[in-house]
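Read through the structure below, which is laid out as structure tokens, and then see the notes.
Read-outs: derived from the displayed coordinates by stated rules, not from any lab. Here the structure is a predicted model, which is why all the values come from computation and not from measurement. Ideal geometry is used to build each Cβ from the backbone, glycine not excepted, and the neighbour counts take in all protein chains shown.
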Amino acid sequence: MTETKNYKKMKTDLENNEWKAEAPYLASLPVKNPFIVPEDYFDTLPEAITGTVYTNELKQVIPAPGYTVPDHYFSSLKDRILTQTSEESDTEETLKRLPSSEGFSTPDQYFQKLQSKILAQTVEVAAPVLKQSKIVRLWHSGLLKYASAACFVLVAAFGFYLNKQTYKPEAATAAEIANEQMLYDIDEQDIIDHVEGNVADAPKNTATNAELETYILNNYSQTDLSSEF
Amino acid sequence: MKQVEDDEILEKFSQENTRNEAFNLLIFKYQEKIYWHVRRLVIDHDDADDLVQEVFIKVWKSLAKFRNDSKLYTWIYRIATNESITFLNKKKQRNQTPLDEVSEELSESLVASSYFNGDKIQMKLQQALLTLPEKQRLIFNMKYYDDLKYDEISAILGTSVGALKASFHIAVKKIEVFMLNDEISL
């Protein structure tokens, strides 16, 4: 039984390898797979297969989305496409029949000159220009300078003057307020009398014009008087 | 994750509460084998990536109906093969190109691929493979690269062992000639 099995195996091996005698060069070559696959391809392939299988199952389980088209849509689609393409080709034909000239013209040698014009402008623009900073003089002339100084002095003096006028020491202001308060307490008639009495007490000019003239003539010479006036 | 026997996967899949676990085990066990099988047929990585996902969707949908009259890996290989051939046929129809030009396209994508790191000999071998008819290329890949026995390939493709042997020998001879032709340089 075992011998028969071995004989069969030998026969099969012989049959499977007899081509090597007919193609010795091919038989001498190492059996090598020259193809390669992307990196990790076989690691990710099972996931890809199961994913595809799952998607395929879903397609069968989920009914069609239910989109519909108008009646005879597909039967008339071909005709509509052909009509549209023929219209487009008609438009193309019409465009082809139009004269190639646009009808516009340019002055003689316009384009020859245009290039040089553009170049001239672009070169000018492109030329490096060192931008100098502009110095603005504050005083255009000496006269203006002195006038400004004078104005400044005047404004300063006026300000100082105003400041002096409006300044009142706190003590003086308090005394003034106190005097005003006292005046309320004094009878008005007493104040009038006091003022009149003061005027009465003031020294009065009693000399007459004749006496003054005599005095001047006696005490001053004519030279003194002329130099004085 | 350790690889588990197909019977255990099928047992777990038959129960509602362990179905997802069984499917994860199945993906883990077969994802690389299926990817390389598909990749060698369609050459481009992105196409192979899409197709592998399609294959496993079909496995998920149909595994409940799987009968134990064939091995699980044979059954998955058959799904992957059918998906790949359908893809190539659609590509051929979409571009309205004859089969040899599809091979040219595949050859171009092989050269342009950033996921190819074989040397000149490996590149020449792949170019030689792309000169073969699809069925011969498929059989050669399964025999040469996957090291499957004729009876296993027969179970997957539903072709007799004798026909497979003939196809494989023709493919091998063509490749040998291509490889020894010094005028073909890359």
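Data overview
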{"item": "In region B:60-142, trypsin sites (Lys or Arg not before Pro) in a DSSP loop with at most 14 other beta-carbon atoms within 10 Å", "result": "B:R67, B:K71"}
{"item": "37 °C / 0.692 mPa s Stokes-Einstein diffusion coefficient of chain B, Kirkwood radius on C-alpha pairs, µm²/s", "result": "185"}
{"item": "Counted charge near B:T18, where neighbours are those whose Cβ lies closer than 14 Å (Asp, Glu -1; Lys, Arg +1)", "result": "-3"}
{"item": "FRET efficiency for A:Y161 and A:S105, using Cβ-Cβ distance with R0 set to 60 Å, rounded to 0.05", "result": "0.15"}
{"item": "B:F66/A:E47 FRET efficiency (R0 25 Å; Cβ-Cβ; nearest 0.05)", "result": "0.55"}
{"item": "Point-to-point label distance, A:Q112-A:Q189, nm (Cα→Cβ direction, 7 Å offset)", "result": "12.4"}
{"item": "Label-point separation, A:Q84 to B:D151 (7 Å along Cα→Cβ), nm", "result": "6.4"}
{"item": "Ranking of B:H169, A:H72, B:H45, A:H194 by count of other Cβ atoms within 10 Å, fewest first", "result": "A:H72, A:H194, B:H169, B:H45"}
{"item": "Gyration tensor (alpha-carbon) shape descriptor, region B:1-97, a/c threshold 1.5", "result": "prolate"}
{"item": "For region A:76-81, 3J(HN,Hα) per residue [Karplus equation, 6.51 cos²θ - 1.76 cosθ + 1.60, θ = phi - 60°, Hz, x = Gly/Pro]", "result": "9, 4, 4, 4, 5, 5"}
{"item": "Label-point gap, in nm, between B:I170 and A:S227 - each point 7 angstrom along Cα→Cβ", "result": "16.4"}
